[in-house]
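Shown next, in structure tokens, is the structure this report addresses.
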Amino acid sequence: MSRNDPDDVAVSAIAPLEPYVVVLFGATGDLARRKLLPGLVHLTQAGLMPDFRIVGASLDPLDDDSFRNLARSAWDEFGRRPVPDDEWAAFARRLTYVDLTKGTEELASRVGAARDALGGTPRYLHYLSVPPSAASTVIDQLWSAGLVGRARVIMEKPFGTDLASARALNAMVQSVLDEEQVFRIDHFLGKEAAQNILALRFANGLFEPIWNRNNIDHVQIDVPETLSVEGRAGFYEATGAYRDMVVTHLFQVLAFTAMEPPTALAPDAIGEEKDKVFRSMLPIGPGDVVRGQYDGYRSEPGVADDSNTETFVALRCFIDNWRWSGVPFYLRTGKRMAEGARIISIAFKEPPRSMFPAGSGVGQFGPDHLTFDLAEASRLSLSFYGKRPGPGMRLVKQSLQFSLYEDQAHEEVLEAYERLIYDAMMGDHTLFANAKGIERLWEVSQGLIEEPPEVLPYAPGSWGPRAMHGLLAPATWRLPFERRWRGPATGA
Ligand code: BG6
């Protein structure tokens, strides 16, 4: 995004990228299968990969062929379109695998072989799709294997599990790598719709003048999921909804929604403004939070019988600066909920006085809203009161909506991980989180982490424990929507 041309993808496509050896740590894991391997295939198809080799790395005893088969079945299950056999064969030839139980020398030698196959002095892109507890071990291994020079390193969240561990991890990372080499990925920032928040706010004169406490009543960032922990209990038990989703994705998106206009569309300028939002956040205490656990979670394989891990969290937080003082931000996310959605909803204040008589419908359908749908095919809606056609003066909620499908370029959308892998290869930090901001987020979370409120049960397929309503009363959660989005269905 430091490229200032509106035809971003087209410009990027011709920007020369140096050859890369991509080393995928956690190559047999869920994320690699769902997103990373299919993403690398799609970037190749889209002509956005440089000359490359991919080395899969994990503790599983695979060889090159079985890794290629794994990549193929990941594409068959999660890929977006068919790949002709010859194209697949050309892709698969670039894949090799290293079993990390065989030690650092094996890692160095397998990556060295990929480098030699490319020739010259390619760059490395190390993608650490590993749990926080394993991140420092991998970085140590990279150092010992001599794979740190000319490397860019993508690190997956959560970046630590509390302030102390985040600080320790950052210190460890920075003792081995320059901050410039590190890309802390938060895939919500790679979503087209998240970037559209920046476009909408800062490319128009229409919204920014009302984007403040004088006109905005509250903001909701709501990401319910219908998924359960889907075989990730080992990871999820130690993480929970707050660490998995809030301290990462929801807060990062909150920063885009709340930040001051950056001086430039550039990593430092955007990072500074996001950090200022995080610095202005008031600490989150147990009284601001409702934690929930769906009935049946404790019977999932790998989950403790007395697990206290939350699969749902709803909270209220405040950004104590001139723009937002007193405006609540309500965040919610959870597993096995009634619907899957990812919305940011800005609720505007109601007019101070109304000439419309009782019974006209004014105010009856809640406040005016600007809603961003962060689904893959992003959408935007502005709802307001208007007159119902016909005699008399009946007011109804109407809306202006825009869907990405209406843009001719919608076929060119990159999935969030693809976009961010590409940006990391370009060395562009704009859409990545930084160490300072992350530490501050753990700092504001410390009270909650130290004294978490008890987890309340909720029925799978519901919207969460009843207590969540008390957090924002007399306002109400925006979801479920009373009215459907217009236009084609999207991959929510
Ligand atoms: C991941 C979380 O980071 O984001 C998952 O670990 C969650 O638990 C996922 O399901 C949601 O991402 P998306 O892009 O599918 O909304």
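The values are calculated or read from the model by the stated rules, or taken from the named source; none is laboratory data. Everything numeric in this text was worked out from a predicted model, so none of it was measured. Every residue, glycine as well, gets a Cβ built from its backbone with ideal geometry; the counts of neighbours run over all protein chains shown. The accessibility values were calculated without ligands, DNA or RNA, using every heavy atom of the protein model including side chains. Shrake-Rupley method; radii C 1.70, N 1.55, O 1.52, S 1.80 Å.
Just one residue in the set 360, 280 is away from the ligand (no atom under 16 Å from the Cβ), among the small types (Gly, Ala, Ser) and open to solvent by 20 Å² or more (accessible area, probe 1.4 Å); that residue is 280.
Taking the range 181-193 as the range and being assigned to a helix (DSSP H, G or I) and either within 16 Å of the ligand (Cβ to nearest atom) or touching a residue at least 40 places away in the same chain (Cβ under 8 Å) (or both) as the test, the residues that pass are 187, 188, 189, 190, 192, 193. Among the residues of the range 194-212, just one is more than 14 Å from residue 370 (Cβ to Cβ), part of a helix (DSSP H, G or I) and open to solvent by 30 Å² or more (accessible area, probe 1.4 Å), namely 202. Could you check the range 120-152 and list, in sequence order, the residues that are in a loop (DSSP other than H, G, I, E, B) and touching a residue at least 60 places away in the same chain (Cβ under 8 Å)? If the condition is that a residue be in a loop (DSSP other than H, G, I, E, B) and touching a residue at least 60 places away in the same chain (Cβ under 8 Å), then 120, 122, 129, 130, 131, 147 are the ones that fit. Within the range 80-92, one or more residues are outside any helix (DSSP H, G or I) and either under 24 Å from residue 171 (Cβ atoms) or open to solvent by less than 70 Å² (accessible area, probe 1.4 Å) (or both).
Among the residues of the range 322-343, those that are crowded, with 16+ Cβ neighbours inside 10 Å, more than 16 Å from the ligand (Cβ to nearest atom) and in a loop (DSSP other than H, G, I, E, B) comprise 323, 324, 327. For the range 140-191, a residue qualifies if it is surrounded by 19 or more Cβ atoms within 10 Å (Cβ to Cβ) and among the hydroxyl-bearing types (Ser, Thr, Tyr), and exactly one does: 161. Could you go through the range 395-418 and let me know if any residue there is within 27 Å of residue 312 (Cβ to Cβ) and either of a type in the set (A, V, I, L, M) or surrounded by fewer than 19 Cβ atoms within 10 Å (Cβ to Cβ) (or both). Yes; the residues of the range 395-418 include at least one that is within 27 Å of residue 312 (Cβ to Cβ) and either of a type in the set (A, V, I, L, M) or surrounded by fewer than 19 Cβ atoms within 10 Å (Cβ to Cβ) (or both). With the structure loaded, tell me whether residue 302 is farther than 25 Å from residue 234 by Cβ and of a type outside the set (A, V, I, L, M, F, W, C) or whether it fails that test. When the stated conditions are applied, residue 302 does not pass them. Restricting the range 157-166 to residues that are assigned to a helix (DSSP H, G or I) and farther than 18 Å from residue 432 by Cα, the residue that is farthest from the ligand (Cβ to nearest atom) is 164. Residues of the range 213-234 that are open to solvent by 50 Å² or more (accessible area, probe 1.4 Å), closer than 30 Å to residue 136 by Cα and more than 10 Å from the ligand (Cβ to nearest atom): 231, 234. Selection of the range 427-468 for residues being assigned to a helix (DSSP H, G or I), crowded, with 17+ Cβ neighbours inside 10 Å and not acidic (Asp, Glu) yields 435, 437, 438, 440, 441, 442, 444, 445, 448, 468.
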